[in-house]
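In what follows, a structure is listed as C-alpha cells, so that the remarks can point back to it.
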Amino acid sequence: MLVLFETPAGFALFKVLDEGKLDKVEDLWKEFTTSDSARRVVELKAFNKFENTSDALSAATLIIDSKPSKGLRKFLQKHCEGETLAVADSKLGNAIKEKLKIDCVHNGAVMELMRGLRNQLTELITGLGAQDLGPMSLGLSHSLSRYKLKFSPEKVDTMIIQAIGLLDDLDKELNTYAMRVREWYGWHFPELTKIVTDNIQYAKIVKMMGNRANAVKIDFSEILSDEDVETQLKEAAVISMGTEVSDLDLLNIRELCDQVLALSEYRAQLYEYLKSRMNTIAPNLTALVGELVGARLIAHGGSLLNLAKQPGSTIQILGAEKALFRALKTKHSTPKYGLIYHASLIGKASQKHKGKISRSLAAKTALAIRYDALGDGEDNSIGTESRLKLETRLQVLEKTEFGKSAGSAKGKPKIEAYEKDRKKGAGALITPAKAYNPAADVFLGKFTEETPKKSELASKKRKHHDVETAPPTEPAAEAIQEDGDQEKKKKKKKYKETEETPVADADGEKKKKKKSKENEEEPAVSTAEGRKKKKKKSDADGEDVSMQAEESGKKEKKKKKKKHADDE
C-alpha cells in the first residue's frame, strides 16, 4: 500500500512496509517516536517537487477543492500501477479513483499514519531540512489565504470607491453648470425657467432654440412630451420681458449647454459601470440596499474587507460620526441611522418605524457584506432573502400601527356615551325644561325671627350717619360777622383778613372730612356701641368749637396790636 502525502515542497509517496501494524491504530503513534522506528514502518518511494511558488499554489488550491492537479495525475499514473493508495481526503480519493482508476483508502488508521509521517517528515525525506520547510510552509499559507479571500481583479473594490467619488463630483459640477445656464439665459428668456423645470431638458431647449424669436418655428416634441408645456413655451416667447442678446452671447451659452449634456451622458455611463461592478463584487449588498448606498458604505469603510469587520451597530450609523460624538458630548440621544438612511426600505417606513427598520437592515447588511467579502458564492440569494424578510417585517409593523390607530390603546374601539335627550348640532335638550314649583320651597323659623332685627340695625345706622354728616355752622357764622365789622373800620387791611378766613374754613372742612372717613371705617356692631360713639363725637365737636373760639381771640389780639401801632 502506498501513502500520498502533500508537503510545501511537493508530493511524496511512501511505501508501507508492515501493513499489519495498521490494524493496531492505538499503538501506531509509538512506531513514529524515533526516525529509526519510522523507517521500519514506511519508506520513501517517490517525490514530485514543485517547480515554483505558482505551481505549488495551483496544486494546493486544487487539493483544497478535492481535485488532483495535472502534475499529480502524471505522478500517480507513473508510480501507482496496481497499488492501493491511502489519502487524507475522501473526496480527493474518489476523484482519483474516477479519473485514474486507482483504489483509494481513507480511514482512521490512515489518518494516524499521516500524523506520524508529519512528525518525522524531515527524517524520512532526504534533502528536505527543517530550515527549508518552515519558509516554504509560511509562503504557501500566505498564498492560500489570499486565494481564499478572493483577492482577484474581479474582487478589487478600489474601482468602486473611485467611481462613487467621481459620481458625486459629477453631480455637483452638473448642478453648478445647469444653474449657470439658467441664470445666463434667463436674462434673455426669464419665463422659460418656470415652464421647464428639468435641467437637461432646459439645456436641450436652449441649444435648439437659441434666440427666443425662433421658438414659434421650432418643434419641441422630441424634448417635451407634454403638448401643453410646448404651447405655453411658445406663447411666453412671444410676450417675453427679457433683454435682447447678441449672437456671440448665444454661441457661448450653447457651448455651455453642450458641456452640461456631455456631463449628463458621462454620468449615465459611469452609473452603469458602477452598477455592474457592484453586482460583481458585492451582489448581496446591492440587492439589500442598492448600488449607490452600497458603494458609499464601501467608500466610507475604506474597503469591502474593512467593512466586513464592522458590526451591524457601526454600519447603522456609518456616516453620522459628527452627530454621534456631538450627542455623546452633550448627553443627548444618539442618531439612529447614517448613510443607510437613503436605502429604499427605510424610505418606505413611516417616521415612527424608521429606527427599527434601520437597525434590522444594518444587521442584515453586515451579514451580506461578510458573505460578499469572505464567501465563495457569487449569487445574491442571501441579500434577496433578507430583503423579503425585512419587507415582511415592515408590513407587519405598519399593519399593527394601523390597527392601534383605528381603536384605543388596546386595539379596541372607544365607546362614547349616548345622550338621547341632547341634539347633535346645537347641544340643547330635546325635552322641555320643567316648570318652577314654589310649593317645594322650605323656610326655617330662625330666618324669619332675625329679619326685623336686621331692619332695625339698618335704620339706626342711617340715623347715625345723618347726625355725623351735619356740619357745625354757628361758630363759623359768628367769625364771619366779626370779620365784616372790622373790614368797615379798616379798609387797608381787607386783603389780609380775607386771606386768613378761607384758611380757617379750609381747616374746618378737612377736619370734617377726616371725621366722616373715620365714621365710615368703624362699623356699627350694636346699638350700645353706636351710643358710645355719639358721645365721643359730640365731645370732639365741642373741642372743635373751643379751638375755633381760641383762634378768633388770637386774631383779635393781633388786630388790636396793629391798631395801636398805627395810632403811634
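The values are calculated or read from the model by the stated rules, or taken from the named source; none is laboratory data. Quick caveat, the model's predicted, so the values are computed rather than measured. Don't worry about glycine lacking a Cβ; one is built from the backbone with ideal geometry, like all the others, and counts go over all protein chains shown. For accessibility, only protein heavy atoms count, side chains too; no ligands or nucleic acids. Shrake-Rupley method; radii C 1.70, N 1.55, O 1.52, S 1.80 Å.
Per-residue packing, averaged as other Cβ atoms within 10 Å, sorts the ranges 276-288, 170-182 into the order 276-288, 170-182, beginning with the highest.
For E191, the residues 5 or more places off, or on other chains, whose built amide H falls under 5 Å of its own are M241. Surface composition of the range 101-259: carbon and sulfur make up 53 percent of the accessible area, probe 1.4 Å. From a point 7 Å beyond the Cα of I239 in the direction of its Cβ, which residues of the range 165-197 have a backbone N at a distance under 19 Å? Within reach of a label on I239: 188-196.
The K309 and D228 beta-carbon pair, evaluated with R₀ = 56 Å, returns a calculated FRET efficiency of approximately 0.50. The stretch between T334 and I64, if pulled fully straight at 0.36 nm per residue, gains 92.5 nm over its current Cα-Cα span. Element breakdown for the range 322-371 at a 1.4 angstrom probe: carbon and sulfur atoms account for 58% of the accessible area.
In terms of its alpha-carbon gyration tensor, the range 243-332 comes out oblate; a/c meets the 1.5 threshold, while b/c is at least as large as a/b. Think of a 1.4 Å ball rolled over the protein heavy atoms: the range 34-111 then has 58 Å² of accessible area per residue. For the peptides 12-21, 300-309, 552-561, residues were scored by their other Cβ atoms within 10 Å and the scores averaged per peptide; the highest-first order is 300-309, 12-21, 552-561. With r as the distance between the Cβ atoms of K99 and S344 and R0 = 56 Å, compute the FRET efficiency 1/(1 + (r/R0)^6) and round to 0.05. According to the calculation, E is roughly 0.70. Under a 5 Å amide H cut-off, with hydrogens placed 1.01 Å from N, C104 pairs with L85 among residues at least 5 apart or on other chains. Model label sites at E265 and E551, defined 7 Å from Cα along the beta-carbon direction, differ in position by 11.6 nm. Less than 17 Å from a label point 7 Å out along the Cα-to-Cβ axis of L170: which backbone N atoms in the range 276-313 qualify, by residue? Residues 276-279, 291-296 qualify, since their backbone N sits under 17 Å from the label point.
In order along the range 194-206, phi translates into HN-Hα couplings of 7, 6, 10, 8, 6, 5, 5, 5, 4, 5, 5, 5, 5 Hz, rounded to whole numbers, per the Karplus curve 6.51 cos²θ - 1.76 cosθ + 1.60 with θ = phi - 60° and x for Gly and Pro.
Backbone phi angles across the range 79-84, fed through the Karplus curve with coefficients 6.51, -1.76 and 1.60 (θ = phi - 60°), yield HN-Hα couplings of 10, 10, 6, x, 10, 8 Hz in residue order; Gly and Pro are listed as x. Around the amide H of V42, modelled in the peptide plane, lie the amide H atoms of L17, all under 5 Å away and 5 or more residues distant in sequence or on another chain. Annotation: extensible slack from E183 through R39 equals 42.7 nm (criterion: 0.36 nm per residue apart, minus Cα-Cα distance). Rounded to the nearest Hz, the phi-derived 3J(HN,Hα) couplings of the range 283-290 under the Karplus curve 6.51 cos²θ - 1.76 cosθ + 1.60 (θ = phi - 60°) are x, 6, 5, 5, 5, 8, 10, x, where x marks glycine and proline. On a per residue basis, the range 158-240 carries 57 Å² of accessible surface, using protein heavy atoms and a 1.4 Å probe. On the beta carbon distance between N107 and K275, with R0 = 41 Å, the FRET formula returns roughly 0.20. Pairs from the list K172/K204; K21/K45; K322/K348; K91/K364; K275/K389; K21/K97 with a Cα-Cα gap above 28 Å: K91/K364.
Net length available on complete extension from Q201 to K561 is 117.7 nm, with 0.36 nm assigned per residue and the Cα-Cα distance removed.
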